[in-house]
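K.L.:
Take a look at the following structure, please.
Bear in mind that the values in this text are calculations on the coordinates, not laboratory data. No experiment lies behind these values; they were computed from the predicted model shown. Note that each Cβ is placed from the backbone with ideal geometry, even for glycine, and that neighbours are counted across all protein chains shown.
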Amino acid sequence: MKQVSYRGKTITYAQVLDVLERFDHEFRASFPDKSWKTYAIKHNDKIYPPKQVMRLATGMTNVGSGGKPVNSRFEDLGFTIITLDENESVAKDNNLTEDAETEIAFSLEYDLENSLIANLEQLEKGLRLYNENGIMGQQVDAKEAGRIDLLAIDANSNLVVIELKAEEADRQVCGQILAYMGWVKENLASAKNVRGIIVANDFTARARFAAKVVPDLSLKKYQISFRFTDA
């Protein structure tokens with residue numbers, strides 16, 4: 001099995017394939033176009049942003065400046081890296097700003113996930129992480145449906161699919177979580193009910209309208225609080 005190491009993290013060919021599929025399901029529709037103007041991974045006639053793929057593959061929020069250090073790892077695994085056209089010099093400046101914004105959003109989502117795992121009851125009383133059938137309820141592989149951020153069990157033994165968005169969530173997130181809920185219903189629920197919770201910084205009007213007609217789907221906004229410790 002092909003594998004490489006990046007900043008102490010081991011990455012395999014199979015892992016990258018999983019990440020590419022996850023990117024298509026979860027990130028492609030909302031990923032900012034200008035945040036990957038220079039290089040791309042090309043696979044099955046689709047292109048993917050190398051730094052974001054590296055973040056998802058390693059779980060690291062900061063993977064460095066990109067370029068050869070990142071691209072060479074994918075090439076060593078057998079993936080093709082292509083150079084994209086850069087038609088406007090201003091796009092390079094935009095690239096730096098928007099890539100930083102993407103990195104911040106990814107970091108927030110990662111921190112939000114870990115915060116909830118530490119205490120799911122801060123989201124809803126009686127909620128606990130799913131841990132049955134050999135499946136732990138963090139980043140659950142839902143096969144064709146994608147990857148579930150968190151899967152939990154509520155106080156009434158219902159299964160709860162939790163989707164996290166660091167920024168404002170639009171209506172496509174409702175379709176995304178419905179696919180996850182359908183997969184859980186078919187594969188894990190048996191006679192149990194399946195609910196969904198979308199956690200985001202805010203929601204567009206379209207997301208709110210979409211959620212109103214979906215049974216057992218709720219929207220929750222998060223707020224950031226700071227804690228300080230000695231260095």
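K.L.:
If you plug each phi of region 159-171 into the Karplus form 6.51 cos²θ - 1.76 cosθ + 1.60 with θ = phi - 60°, what whole-Hz ³J(HN,Hα) values come out, in order, with x for Gly and Pro?
P.N.:
So the J values, rounded to whole Hz, are 8, 10, 8, 10, 10, 10, 10, 5, 10, 5, 9, 9, 5.
K.L.:
What residues have an amide H closer than 5 Å to that of Val160, excluding those fewer than 5 places away on the same chain, when H is modeled at 1.01 Å from N in the peptide plane?
P.N.:
The answer is Ala152, Ile153, Asp154, Arg195.
K.L.:
Continuing with this model, one more query. Over the alpha-carbon set of the chain, work out the extent along each principal axis and list the three values in angstrom, largest first.
P.N.:
Extents along the principal axes, in whole Å: 53, 44, 39.
K.L.:
Using a 10 Å Cβ count of at most 12 others and DSSP loop calls, identify the longest part of the chain lacking such GluC sites (Glu not before Pro). Working shown, then result.
P.N.:
Details: sites that count: Glu86, Glu88.
Formally, the longest exposed-site-free interval is 89-231.
K.L.:
Still on this structure, I have one more. Which longest uninterrupted range of the chain lacks any trypsin sites (Lys or Arg not before Pro) assigned by DSSP to a loop state (not H, G, I, E or B) and surrounded by at most 16 other Cβ atoms within 10 Å?
P.N.:
In short, 29-124.
K.L.:
Given the pairs Lys46/Lys165; Lys9/Lys185; Lys51/Lys125; Lys9/Lys46; Lys143/Lys192, which span a C-alpha to C-alpha distance of over 30 angstrom in this model?
P.N.:
Lys9/Lys185; Lys51/Lys125
K.L.:
Are there chymotrypsin sites (Phe, Trp or Tyr not before Pro) in region 150-229 that DSSP marks as loop and that have at most 10 other Cβ atoms within 10 Å, and which are they?
P.N.:
For chymotrypsin sites (Phe, Trp or Tyr not before Pro) across region 150-229 that sit outside H, G, I, E and B with at most 10 neighbouring Cβ atoms in 10 Å, the list reads Phe226, Phe228.
K.L.:
Hey, another quick one. Would you mind calculating the gained length between Leu178 and Ser72 on full extension (0.36 nm times residue separation, minus the Cα-Cα distance), in nm to one decimal? Show your work: numbers first, answer last.
P.N.:
Values: separation 106, 0.36 × 106 = 38.16 nm, distance 3.69 nm.
Going from the current span to full extension adds 34.5 nm.
K.L.:
Mind giving me the nanometre distance, one decimal, between the label points for Val214 and Asp141, set 7 Å out from Cα along Cα→Cβ?
P.N.:
About 2.5 nm, to one decimal.
K.L.:
Round to a whole angstrom and tell me the spacing of the C-alpha centers of region 138-164 and region 177-225.
P.N.:
Going from one Cα centre to the other spans 10 Å.
K.L.:
Further question on the same structure: Whole number please: convex hull volume per residue, Cα atoms of region 120-221, in Å³.
P.N.:
92 Å³
K.L.:
Kindly point out which whole DSSP H helices in the chain project their C-alpha atoms 20 angstrom or further along the helix axis while averaging a Kyte-Doolittle hydropathy of -1.0 or above.
P.N.:
Helix filter hits for the chain: 90-118, 172-187.
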